[in-house]
Amino acid sequence: MGYEAETPFDSIEGSHEYVALLAEALAEARRDVEAEIAVAERDRADRRKEALILVSYNLAKLNLHITTSRRILNDLRTLRRLLRAERETAGQPVPAAVLKAGA
């Protein structure tokens, strides 16, 4: 009987999908902030513009962390596949932890 994920975070694939959705939301937020910066510049609202630039900077930092997380999740998926293939060709049972991580 296979393992069934209860939450999106019970599997590497589910976590990867969630992080991908988060990256899309960040990209949309960054576009919105850039548009707001242009409006603030046009209105000569310097203080608002500076605050929005700080928001944009923090969104860029968060995007970098999300990109790194996606790469780590990809690495984990690849390693899990390699471990499964090694064990299956050697005729050894695959540990439950490996199965659960990839359910």
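For Pro8, the conditions (1) touching a Phe, Trp or Tyr at 6+ places or on another chain (Cβ under 6 Å); (2) modelled with pLDDT of 95 or more; (3) of a type outside the set (D, E, K, R) all hold with the exception of (2). Every condition in (1) modelled with pLDDT of 95 or more; (2) of a type outside the set (Ser, Thr, Tyr); (3) at negative phi is met by Arg44 except one, and the failing one is (3).
Can you find, within region 35-93, the residue that is surrounded by the fewest Cβ atoms within 10 Å (Cβ to Cβ) among those that are of a type in the set (Val, Ile, Thr) and more than 21 Å from Ala20 (Cβ to Cβ)? Here the residue is Thr89.
Residues checked against (1) closer than 30 Å to Asp10 by Cβ; (2) of a type outside the set (Asp, Glu); (3) free of Cβ contacts under 8 Å to residues at least 60 places away in the same chain; (4) out of contact with any helix residue (DSSP H, G or I) (no Cβ under 8 Å at 6 or more places or on another chain):
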residue: Leu22; (1), (2), (3), (4): yes, yes, yes, no
residue: Ala27; (1), (2), (3), (4): yes, yes, yes, no
residue: Ala35; (1), (2), (3), (4): no, yes, yes, yes
residue: Val39; (1), (2), (3), (4): no, yes, yes, yes
residue: Lys49; (1), (2), (3), (4): no, yes, yes, no
residue: Ala60; (1), (2), (3), (4): no, yes, yes, no
residue: His65; (1), (2), (3), (4): yes, yes, yes, yes
residue: Ile72; (1), (2), (3), (4): yes, yes, yes, yes
residue: Asp75; (1), (2), (3), (4): yes, no, yes, yes
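The values are calculated or read from the model by the stated rules, or taken from the named source; none is laboratory data. Remember, it's a predicted structure, so these values are computed and weren't measured experimentally. Here the Cβ is made from the backbone with ideal geometry for all residues, glycine too, and neighbour counts use every protein chain on show.
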